[in-house]
Amino acid sequence: MLFDIVRNNKRITQVFLVLITLPFAFWGVESYVRNTDSDIAVASVGGGKISQQELQAAMREQQDRMRTQLGGKVDPAVFETPQMRRAVLDSLITQRLLADQARKAKLVVGDQQLIQFIANVPSLQDNGKFSKERYEALVAAQGMSKEMFEARVRQDIAVQQLALPVTEAGIVGTVASGRWAATQIERREISELQLVPDNFTSKVKLAGDAVQKYYEANRKLFELPEQVRAEYLVLSRDALAAQAAIGDEDIKAYYKTHDARFKEAESRRASHILIRADKNAPEAEANAAKAKAEELLGQVRKAPADFAKLAKQHSQDPGSAAKGGDLDWFGRGAMVKAFEDTVFALKDGQVSDVVRSDFGFHVIRVTGIRPERIKSIDDVKTEIVAELRREIGTKKYAEAAEAFGNMVYEQSDSLKPAAEKWKLEVRQTSWIAKGGKLAPTIDSPKLSGALFSDDALKNKRNTEAVEVAPGTLVSARVLEHKPAALQPMESVRAEIEKRLIREEAASLAIKDGEEKLARLSRGEAVDVKWSPNRSVSRSQAPGLPPESIRAIFAAGTASLPAHVGVAYPGRGYALYRIASVKAGESGKDDPAARALSQKYASLIAEEEFAAWMASLRAGNPVEINKAALETKER
């Protein structure tokens, strides 16, 4: 089944996630999301179109997902940039091309395959079994019907089936992989000298009219932007939920009707000693790993109290070895099957025989058992109250949202009527610059733009109700307004002088660095106070900018010491002295080398997939409506 294919082929999963299902992926399911004549297309792909509606839906989905992942700390302005809109559109084009190709290949996902795939999604399970309630909640949260959601999943599965043979087709040569790994492991011993602008400011002499010329040439830099101060009103699910009164009878009724939810499945605590051996490892390597595990098992049998000590000394699991092999508490579904089956078959304190998994050979000891139990109502009272409030808040918000928008529009000279109706507090902002940010809880480019509209500035009317986050509407009203103004030159003279001096000092630093490098390269003696030597590699060079790493490893080392320099406009110059080079060795038994070889294979797979996508795009006409792409949702 596909679920097993995707689960067992890590390369295809990684490549697919990177190149297809980007975090803002929104599958255009033509069967359910149809273009209309009134919905302008932002792009055409083959014989179909991507509508403004689909693009906006993708933008909102990405914003919602990032807000959830980052705990609400998302700058909405990120999603208003042309670059983000184009990135989302490119993702939709890629998805449409893949969906079209899957149809041409006649890839069909049967009902049974779909059912099994959905049933095996961990987040849709409760105590290891498929939960209809969780499934329905997920579909509802997506704003889709079940039919549309399942059509989306079918398309997702079909495209993964399509992509698998492409990414698996790349042949990774042992020699090429080894050479690439060796370059990554290679280390160079360096010392450095930073020539910073602060050390050159005393040498800078500005011309008498330099400040005046800079001011005249850069007047826009010294304009104070247009500003407003406003009052605002927030209608949110959370605010309405907080008003809800939850009684003991409500809590008892919820507990009684959701008893299965509060069932705590059996969990166990275990420790293990792992001797690594990939599931596809050569027989000799696997036998050696197994023999080592059996040897350690023998030592454990003789001295059970030494288990943690032996795990620290010999276990090859970096996550648990330092803790004596402890894996903490876990339930079913958290570990690979062979490991889990063994743990749940053992008694407390019992040690297993050697167990083989995809990771290698384990010696396992169970260190605790928590039997299945039903949490008491006292244990879950806080959780129930929060859930009831959430449900009430969601319902009240759905009922109030349209009425709130109508009221702030119809009674546009004040926010007080809406505040009194929904028992909300009218708050005030500090001064807000045009194009600037509002307070984090209400920040929205759309709301900010509305505050600077003619209707808000000249007529002092409420803005429309703007959704600044899912379940949060805000209307605001301008209290004071300051037009844009140019600051007098004398008020910014010190700032300009400081800027000009720093720029000239940075240029002097770069000039001095280039002169020193030229002399060092000719073999001349230069008075340089180098930092202490340190060893760096391409992937392990703390504190070094990427430009410096590239220069250091691009430098010829036929004659040592070698010298390189990197100019950083506005920041100065960095000189590096390469004292020695240690060539990388990529032996097959080196874990770091193996990891690099796997990374190289993933890079090859990504290149194969990218090349295939380029051929698909070349063979299918793609046209982008730039005017429509730049048009934001109103």
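Any read-out appearing in this document is the output of simple, stated calculations on the displayed coordinates, not a laboratory observation. On a predicted model such as this, the values are computed, not experimentally measured, just so you know. All Cβ positions, glycine included, derive from the backbone under ideal geometry; neighbour counts span all protein chains shown.
How many angstrom lie between the Cα centre of region 274-291 and the Cα centre of region 494-509?
Between the Cα centre of region 274-291 and that of region 494-509, the gap is 63 Å.
Once you charge only the Cβ atoms, +1 for Lys and Arg and -1 for Asp and Glu, what is the size of the charge dipole of region 403-475 about its Cα centre, to the nearest 20 debye?
Magnitude of the dipole: close to 180 debye.
I'd like to compare 490-501, 221-232, 358-369: which one has the highest average count of other Cβ atoms within 10 Å, and what's the full order after that?
Packing order, densest peptide first, comes out as 358-369, 221-232, 490-501.
Straight-line reach from Lys516: which aspartates and glutamates fall under 17 Å, measuring Cα to Cα and dropping same-chain residues less than 8 apart?
Excluding near neighbours in sequence, the set is Glu192, Glu524, Asp527.
Which one, Leu508, Tyr573, Ile552, projects farthest toward the positive side of the charge dipole computed for region 500-579 from Cβ point charges (K/R +1, D/E -1)?
Ile552
How far apart, in nm, are two points set 7 Å out from the Cα along the Cα-to-Cβ line at Lys529 and at Asp111?
My value for the distance between the label points is 8.1 nm.
Modelled label-to-label distance, Asp341 and Ala485, 7 Å Cα→beta-carbon offset: nm?
According to this spin-label approximation, the distance is 7.9 nm.
What are the lysines whose alpha-carbon lies under 26 Å from the alpha-carbon of Lys582, with same-chain residues fewer than 8 places away excluded?
Straight-line reach from Lys582, under 26 Å: Lys529, Lys599.
Could you list, in their original order, any pairs among Lys129/Lys396; Lys312/Lys337; Lys220/Lys482; Lys395/Lys482 whose Cα atoms are separated by more than 29 Å?
From the list (Lys129/Lys396; Lys312/Lys337; Lys220/Lys482; Lys395/Lys482), the Cα-Cα distance tops 29 Å for Lys129/Lys396; Lys395/Lys482.
For each of Asp111, Asp379, Asp250, count neighbouring Cβ atoms within 10 Å of the residue's Cβ, then give the residues from fewest to most.
Ranked by crowding around the Cβ, least crowded first: Asp111, Asp379, Asp250.
Using per-residue counts of other Cβ atoms within 10 Å, averaged over each peptide, order 464-477, 385-398 from highest down.
464-477, 385-398
For Lys626, list the lysines whose Cα falls under 17 Å from its own Cα; do not include residues on the same chain fewer than 8 positions away.
Cross-link targets: Lys49.
Can you give the Rg/Rh ratio of region 266-371, where Rg is from the C-alpha atoms and Rh is the Kirkwood radius?
Ratio of gyration radius to Kirkwood radius for region 266-371: 0.95.
Quote to one decimal, in nm, the extra length available between Arg86 and Lys460 on full extension: 0.36 nm per residue of separation minus the C-alpha distance between them.
Contour length minus Cα-Cα distance gives 131.1 nm.
May I ask you to derive the FRET efficiency for Asp378 and Gln212 from their Cβ-Cβ distance with R0 = 60 Å, giving the value to the nearest 0.05?
0.20
Which value, in debye to the nearest 20, gives the size of the charge dipole of region 221-323 about its Cα centre, when Lys and Arg are +1 and Asp and Glu are -1 at the Cβ?
In debye, rounded to 20, region 221-323 gives about 820.
If one computes P(r) from the Cα atoms of region 446-551, what percent of pairs lie at distances over 25 Å?
Roughly 63 percent, rounded to a whole number.
Fewest Cβ neighbours within 10 Å first, please rank Tyr409, Tyr568 accordingly.
Tyr409, Tyr568
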